[in-house]
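*Asks:* Right, I'll just put the structure down here and ask away after.
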Amino acid sequence: MHVKPKVSPRLTLLTASGVCSLIVLDTNIVAVTLPTIARDLGANFADIEWVVSAYMLAFAALLLPAGSIADRFGRQKTLLCGLAVFILASIGCGAAPNALFLDIARAIKGVGAALLLTSALASIGHTFHDEVERAKAWAFWGACMGVAMTAAPTVGGLITEYMGWRWIFYLNLPVGLFLMVMVWRAVPESRDTQSARLDPWGSLAFSASLLCLIWGLIEANRIGWSNPLTYARLIGGALLLGSFVVIERMQRRPMVDLQLFKHPRFIGALLGMFAYAGCAQVMMTLLPFYLQNGLGFSAIASGLGMLPFAMTMLICPRIGVRLASRFAPATLMAAGLTLVGSGNLLSAWAVSSGGYLPFALAIAVTGAGAGLLNGDTQKNIMACVPRERTGMASGMSTTMRFSAIVLAIGVFGALLSSHTELLLRTSLSDQGAQWLGQTQSIASRVVAGDMSAAMSLLPEAARPMVEPLARQAFVGGFSLLLWVAGLLALLGALVVGTLMRNPIPAPSIAALGAKA
């Protein structure tokens, strides 16, 4: 086998972090464009949820097998294949003639992103062995993620305003090609020589479970929560998740080593990632909806309006590195989730009271908690797993992250949609009973960010009366969403802080490596 000259670990870290930053940038840049896409493609809120969820679903569902692929076939090869898929799917997204085509292209893009993220994280984990160096590497990686998240809303707003939303996807072509060259030159090939065969049945059960759950949550607002199909999808998702656990228990060397779940600290680290992603990271997608639909901001103004969140998220990983030497991981994780919960509750209050300034201060608190958690969650999960199984560990951690995001979008989207519709129905029954039959259609368009399409369902004379009611109903629905997210994050702080105080004994880690 041809051996390439040894490359600098710093260049490997920079390239792998660049690949991860592309994914984060692409994931978050779409958020500010969603109302524009809804107006351009004539999409309702369920359609817009699928634009995000199709990508996240494919991403989350394939992260575990992608980790196994990276371990078995080599991290560099997986990175190159992932970039090729990602670039081609981005071109498809940019050329999408309708919402369905866009959803399919986004799902394919999620496949590429899954291959990229697990192999990039595994490359970092494999390159840095010393505890201090590894901590610095994850801090740098976290800072890169913060920069990407900081830039995403503003860049998304600028491109949408001046070039059109399609260019958000087309611009991945030159960036992706540059990264392919860098991966070829700067990321040495590495693999797990004892990796197991791929686990198609486990992968299928997990993917189908997530699909059923998110399908049930998104479509419930359209067909009704009491519809038998909604029950079938949600129960089917739960049963498939159970079958995934059974399949993994039967494997000699599973994709997910269930032995790890005997350790409370590992469970705490995974739950910390889940709570962080589901209560903080998902806000990068949801908050621009309030800025555009609730406060009437343009795409570029809503991008700039997200800067308080993004800036504190960028600054706080540096603070987290300094605090890590003084405080236990359990304390830091609990503190981060407490900040996230408090920020979401303050945001709920700010949304109800109106105005941008209190909202900006509140989301800055959420961003501070997210920044504290961003690199720390990844580091704590990877620390629980033997070095030769870094592909599995990165697959598990990122699966938790994006499963949490996709489920949070489903749950919070369902809350927002159903409560907005309920509030609008109540308002119309008092002031415009003749338009009650249009409530669901109006609410769905309003939540998607297409007020003009919502009002076009009504006679011109009724619009001045219904429009403020619709906007008020949306604000009420969004406030409820933030209350729930805040309380869940505070509950997560309590549970994660308690579980992570249990150390993993060194012999247990060694035994895991030997058993594997």
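Quick note: the coordinates plus some simple rules give every number you see, no bench work behind them. In this text, all values refer to a predicted model and were calculated from it rather than measured experimentally. Cβ sites come from the backbone with ideal geometry, for glycine too, and all protein chains shown count toward neighbours.
*Asks:* Per residue and in Å³, how big is the convex hull formed by the alpha-carbon atoms of the chain?
*Replies:* With only Cα atoms used, the chain gives 133 Å³ per residue.
*Asks:* Round to the nearest 0.05 the FRET efficiency obtained for residue 133 and residue 326 when R0 = 25 Å and r is the Cβ-Cβ distance.
*Replies:* The value I calculate is 0.80.
*Asks:* Can you tell me how the range 126-220 classifies by the Cα gyration tensor, rounded, prolate or oblate, using a/c under 1.5 as the rounded cut?
*Replies:* Oblate is the answer for the range 126-220, as a/c is 1.5 or above yet b/c matches or exceeds a/b.
*Asks:* To the nearest 500 deg cm²/dmol, what mean residue ellipticity at 222 nm is calculated for the chain from DSSP H runs of n ≥ 4 alone, each contributing -39,500 (n - 2.57), summed and divided by the residues?
*Replies:* Helices in the chain give a 222 nm mean residue ellipticity of -27000 deg cm²/dmol.
*Asks:* In the range 424-498, which chymotrypsin sites (Phe, Trp or Tyr not before Pro) are in a loop and have at most 13 other Cβ atoms within 10 Å, using DSSP for the loop call?
*Replies:* Filter output for the range 424-498: empty list.
*Asks:* Lysine pairs in the chain with alpha-carbon atoms under 18 Å apart, 8 or more places apart or on different chains: how many are there?
*Replies:* Counting lysine pairs in the chain gives 5.
*Asks:* Now a separate question. Based on Cβ point charges of +1 for Lys and Arg and -1 for Asp and Glu, what charge dipole magnitude is obtained for the chain about its Cα centre, in debye rounded to the nearest 20?
*Replies:* 1560 debye
*Asks:* Which shape class applies to the range 244-320: rounded if a/c is under 1.5, otherwise prolate when a/b exceeds b/c and oblate if not, where a ≥ b ≥ c are the square roots of the Cα gyration tensor eigenvalues?
*Replies:* prolate
*Asks:* Now a separate question. Any chance you could run the full-extension gain for residue 304 through residue 425? It's 0.36 nm times the residue separation minus the Cα-Cα distance, nm to one decimal.
*Replies:* 40.2 nm
*Asks:* Between residue 40 and residue 238, 0.36 nm times their residue separation minus their Cα-Cα distance comes to what?
*Replies:* Additional length available on full extension: 67.7 nm.
*Asks:* What's the FRET efficiency of residue 225 with residue 460 using the Cβ-Cβ distance as r and R₀ = 30 Å, to the nearest 0.05?
*Replies:* FRET efficiency, residue 225 to residue 460: 0.35.
*Asks:* One quarter of the convex hull surface, Cα atoms only: what value does that give for the range 200-250 in nm²?
*Replies:* Mean projected area of the Cα convex hull: 3.1 nm².
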